[in-house]
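One structure below.
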Amino acid sequence: MLSNTRLVEAIAAITGNDGVLTGEAAAQYCTDWRGRYSGAAIAVVFPADTQQVSEVVKLCVQNRIAIVPQGGNTSLCGASAPLADTKSQIVVNLSRMNRIRALDATNYTMTAEAGCKLASLYEAAEQADRLFPLGLTAIAPHCEIGGNLSTNAGGINVLRYGTARDLVLGLEAVLPDGRIWNGLRSLRKDNSGYDLKQLFIGAEGTLGIITAAVLKLSARPKSMATACIAVRDPAVAVALLAHLRATCGDRISAYEMISRSCLELVFKHVADTHEPFAAKHDWIVIAQLADVLPMALDTALRASIKSFGDVIEFEVSTDKEHAERWWKLRKSISEAQKAEGISVKHDVSVPISRVAEFIAQAGTALRSAYPDVRIVAFGHLGDGNIHYNASMPDEADNDTFIEQHEGDVNHIVYEVVAKFEGSISAEHGLGQLKREEITHYKSALELELMRSIKHTLDPYGLMNPGKVI
């Protein structure tokens, strides 16, 4: 076994001296985006290509060193941060692997390396008059596609285009023993055995390191209309969504719900944000229609909302800047929450038809236990994914609340989620945050199968240990 010093020297021989950081220079990569999880690593490694990733992994296996795959390090559950209780680990950061290898506009595909920032994929698709529809919000400028795939990211466009899992045709990955699996196929139909790429998507780097992917592109919308709608409560929002789907069909590309508590935090912490209406409302919805044909979608959207009837007030716009002011309210919620302080975060999903019941029952249960709790609920109502976060308005009280009651709050919320046959992780993954919690909400057989797959591919348990299972 190599000493740490010799190990770093051997890695530098693979990646070059500029591909390895140690000590204080590596520290920023050892803490997650939320500042909640911090660890230490022998080194942070920046391979330049898939072959270098393979050689680094083989070296780590030979020396029984754990590997933490990392992209933009925007994980909200600690999946991309090293563990705090061990130093026998390295971080493999894929940010240098940021080439778009191919873009086939006729096949509607793009082959991109794991370190490509999501923003660069948007731009490349746009230049080819195509759309890459993975619509994340606050972390989009920072996150990288490898991490998006490893957590099966969702975002605001799932209603129309699906999650990251639905946007991948092929993958390239380095296995836990260092071998390279080349599954970069750009086929819509390939029924030639197990769909191996699905093992790695959503696995949070515990089964291997995604190094590249063939991504599906879509036609670029030529017309768009956005509505900001004030509704009485989530039950009306759910009913309105069903009505819009019945009257507007697949033109609905996004449908987001925002509570008053979210808006107040945004107005407090984010500059150039304003009430969308003259009056304050407890709940607002932002709905968006898009079509590849030039058409007056604002007329259709306005008519659909009017025919529904049960809204307080609404406004529809085709002006991009006007709509972006509404979207800024939604996209700034995470930033505002981070500025306000730590909260007990829940990224949950239930059937769309049960969202209103979940919000009502979880709120009743939490306030029964903690009368002063502040509930910040918002998110992707169009696919049943609600970000449901709890904190105390007073900072001093909140520190005690988090320290003493986080487990109880989780239990209250997750029990309501389970009652409606939902999931305690809709799009953020499990990471370190929910690794123990998931054992209460998955069957023993499911967990056994997951552990069996993990052991088969990673018998030494070196690939992102302490995450997911």
- Task: Give the number of residues within segment 318-338 that are of a type in the set (S, T, N, Q) and touching a strand residue (DSSP E or B) at 6+ places or on another chain (Cβ under 6 Å).
- Result: 1
- Task: Name the strands (runs of 3 or more DSSP E) wholly inside segment 80-126 in which the number of residues that are surrounded by 15 or more Cβ atoms within 10 Å (Cβ to Cβ) and modelled with pLDDT of 95 or more is 3 or more.
- Result: 89-93, 109-113
- Within segment 451-468, how many residues are over 16 Å from residue 64 (Cα atoms), buried (at least 17 other Cβ atoms within 10 Å of the Cβ) and not charged (D, E, K, R)? 1
- Query: Do we find a residue being under 25 Å from the mean Cα position of the chain (by Cα), farther than 22 Å from residue 33 by Cα and surrounded by fewer than 15 Cβ atoms within 10 Å (Cβ to Cβ) anywhere in segment 341-354?
  - Reply: yes
- Item | Hits in segment 429-445 (condition: in a helix (DSSP H, G or I), more than 24 Å from residue 148 (Cβ to Cβ) and not hydroxyl-bearing (Ser, Thr, Tyr)) | 440, 444, 445
- Just name the residue that is farthest from the chain's Cα centre (by Cα) out of those in segment 208-223 that are closer than 25 Å to residue 117 by Cα and surrounded by fewer than 24 Cβ atoms within 10 Å (Cβ to Cβ). 222
- From the residues in segment 180-218 that are assigned to a loop (DSSP other than H, G, I, E, B) and among the small types (Gly, Ala, Ser), which one is nearest to residue 459 (Cα to Cα)? 208
- Query: Looking at segment 229-243, is at least one residue surrounded by fewer than 15 Cβ atoms within 10 Å (Cβ to Cβ), part of a loop (DSSP other than H, G, I, E, B) and in contact with a Ser or Thr (Cβ under 6 Å, 6 or more places away or on another chain)?
  - Reply: no
- Members of segment 417-442 that are more than 22 Å from the chain's Cα centre (by Cα) and either under 23 Å from residue 33 (Cβ atoms) or modelled with pLDDT under 95 (or both): 440
- Could you list, in sequence order, the residues of segment 278-291 that are more than 25 Å from the chain's Cα centre (by Cα) and either assigned to a strand (DSSP E or B) or modelled with pLDDT under 95 (or both)? 291
- Quick one: in segment 369-413, of everything that is assigned to a helix (DSSP H, G or I) and within 19 Å of the chain's Cα centre (by Cα), which residue is surrounded by the most Cβ atoms within 10 Å (Cβ to Cβ)? 381
- Note on the structure: Taking segment 252-276 and keeping residues touching a residue at least 60 places away in the same chain (Cβ under 8 Å) and touching a strand residue (DSSP E or B) at 6+ places or on another chain (Cβ under 8 Å) leaves 252, 253, 254, 255, 256, 257, 258, 259, 261, 262, 263, 265
- Message: For residue 275, only one of the following conditions fails: (1) in a helix (DSSP H, G or I); (2) at pLDDT 95 or above. What is its number?
- Response: (1)
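One line per residue, one yes/no per condition, for (1) under 20 Å from residue 64 (Cα atoms); (2) touching a Pro at 6+ places or on another chain (Cβ under 7 Å); (3) at pLDDT below 95:
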| site | (1), (2), (3) |
| --- | --- |
| 179 | yes, no, no |
| 186 | no, no, no |
| 192 | no, no, yes |
| 196 | no, no, no |
| 200 | no, no, no |
| 210 | no, no, no |
| 215 | no, no, no |
| 219 | no, no, no |
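The values are calculated or read from the model by the stated rules, or taken from the named source; none is laboratory data. Just so it is clear, the model here is predicted, and its values are computed rather than measured. Cβ coordinates were reconstructed from backbone atoms using ideal geometry, including for glycine residues, and neighbour counts include every protein chain displayed.
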